[in-house]
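The values are calculated or read from the model by the stated rules, or taken from the named source; none is laboratory data. Keep in mind that what you see is a predicted model, and the values were worked out from it rather than measured. Here the Cβ is made from the backbone with ideal geometry for all residues, glycine too, and neighbour counts use every protein chain on show. Surface accessibility is based on the protein's heavy atoms, side chains included, excluding ligands, DNA and RNA. Shrake-Rupley method; radii C 1.70, N 1.55, O 1.52, S 1.80 Å.
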Amino acid sequence: MGSITEPTPEYRDLIDLTGRHVLVLGGGLGIGRQTCLAAAGVGAKVSVVDVDHVRAKAVAEEVGGLALSGDATDRADVERLVGEAVARFGPVHGLADIIGISDNGPLSEVTDELWQRGLDLNLRHVFLALQIGARAMTEGGSMVFVGSVSGLRSAPNHAVYGAAKAGLANLVSTAALELGPDIRVNVVAPGQTATPRVAERHPEPDYYEKAAQQVPLGRVGRTSDIASAILFFLTDLSGWVTGQTLVVDGGAGRKFAYRL
Ligand SMILES: NC(=O)c1ccc[n+]([C@@H]2O[C@H](COP(=O)([O-])OP(=O)(O)OC[C@H]3O[C@@H](n4cnc5c(N)ncnc54)[C@H](O)[C@@H]3O)[C@@H](O)[C@H]2O)c1
């Protein structure tokens, strides 16, 4: 049998985004802000998009990037935002869409308005980013979307969020088939992660301590845990990975439900 020869890559180069343009939707806070810091940390030029201009501006200043404000669920806004980002930093190499908001109530109480809002804020922007973002990307580019363990398993009071995040994972895998070989598309699905939004919703002092008891790695997630996984997908380290969902939850989802 003949030997298979292949060049050994410079592994340091695989994670290097120097000079490459990364656009982060929902980059103004929490996991999104940390993703901007991660991409800039390995050399990327970062466009920070957020519906909240003050947040976008603050993070853009931190990373020396471009602040853009607009609504990622609005087609005209997404066209404009992507256009302005490309005008400043050139074609997009990496697009990370972090936006998502969970609902909190039983299915019986979901109104038509809450249903639509849940789908818009968790799924519609993914559709728009895939369609409009892909046209602005370089060959060899990568898109990453933030799903949730709630889209893979079920939890009471997460009906709309869970349905939308499950839809996100399927939409992304379809896009991966259609956009390959030029663009890779993947999902990072976080478990319980300490972000400003979670802290606001759960002010109980022992909330994270209790949540950590369910996690084999002994703590809830940090925004940097999730940003690291996103960075893996944005860089050439994941050059032969597309259409996948990577669960980042400290192992919490691996636990058997029964005590033995
Ligand atoms: N924190 C967790 O425990 C957890 C767990 C699983 C999944 N997630 C997912 O991680 C992602 C980020 O979570 P987070 O807590 O950091 O979020 P966050 O709410 O703190 O940040 C999201 C950012 O997106 C911006 N944004 C909201 N709607 C927008 C719109 N229409 N257009 C543009 N920008 C908009 C917000 O202003 C905010 O700055 C979400 O998709 C969430 O579903 C979080």
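A few comments on the model shown:
- Residues in segment 180-210 that are closer than 22 Å to residue 230 by Cβ, without any contact (Cβ under 8 Å) to a residue 60 or more places away in the chain and either in a helix (DSSP H, G or I) or among the acidic types (Asp, Glu) (or both): 182, 198, 199, 208.
- Scanning segment 210-230 for residues that are away from the ligand (no atom under 13 Å from the Cβ) and among the small types (Gly, Ala, Ser) yields 218, 228.
- Among the residues of segment 219-235, the one identified as touching a Gly at 6+ places or on another chain (Cβ under 8 Å) and open to solvent by 50 Å² or more (accessible area, probe 1.4 Å) is 219.
- Selection count where residues are among the small types (Gly, Ala, Ser), modelled with pLDDT under 95 and part of a loop (DSSP other than H, G, I, E, B), scope segment 211-260: 1
- Residues of segment 104-161 that are in contact (Cβ under 8 Å) with a residue 40 or more places away in the chain, part of a loop (DSSP other than H, G, I, E, B) and open to solvent by less than 70 Å² (accessible area, probe 1.4 Å): 106, 110, 136, 147, 148, 157.
- Scope segment 65-103; condition at pLDDT below 95 and surrounded by 20 or more Cβ atoms within 10 Å (Cβ to Cβ); matching residues: 102, 103
- Hits in segment 36-64 - residues which are buried (at least 20 other Cβ atoms within 10 Å of the Cβ), in contact with a strand residue (DSSP E or B) (Cβ under 8 Å, 6 or more places away or on another chain) and closer than 24 Å to residue 121 by Cβ: 36, 39, 46, 47, 48, 49, 50, 56, 59, 60
- For segment 110-134, taking the residues that are among the charged types (D, E, K, R) and under 20 Å from residue 49 (Cβ atoms), the one that is farthest from the ligand (Cβ to nearest atom) is identified as 117.
- Qualifying residue in segment 28-39 (condition: within 13 Å of the ligand (Cβ to nearest atom) and at pLDDT below 95): no
- Residue match in segment 124-142 (condition: of a type in the set (S, T, N, Q) and touching a strand residue (DSSP E or B) at 6+ places or on another chain (Cβ under 7 Å)): yes
- Enumeration of residues in segment 60-74 that are closer than 26 Å to residue 118 by Cα and out of contact with any Ser or Thr (no Cβ under 9 Å at 6 or more places or on another chain): 69, 70, 71, 72, 73, 74
- Test: residue in segment 165-172 that is among the basic types (Lys, Arg) and under 15 Å from the mean Cα position of the chain (by Cα): yes
- Residue in segment 166-175 that is under 21 Å from residue 25 (Cα atoms), away from the ligand (no atom under 13 Å from the Cβ), hydroxyl-bearing (Ser, Thr, Tyr) and not in a helix (DSSP H, G or I) present: no
- Positions within segment 183-209 being open to solvent by 30 Å² or more (accessible area, probe 1.4 Å) and away from the ligand (no atom under 14 Å from the Cβ), in sequence order: 203, 204, 205, 206, 209
- Every condition in (1) in a helix (DSSP H, G or I); (2) under 23 Å from residue 174 (Cβ atoms); (3) not charged (D, E, K, R) holds for residue 35 except the one numbered (2).
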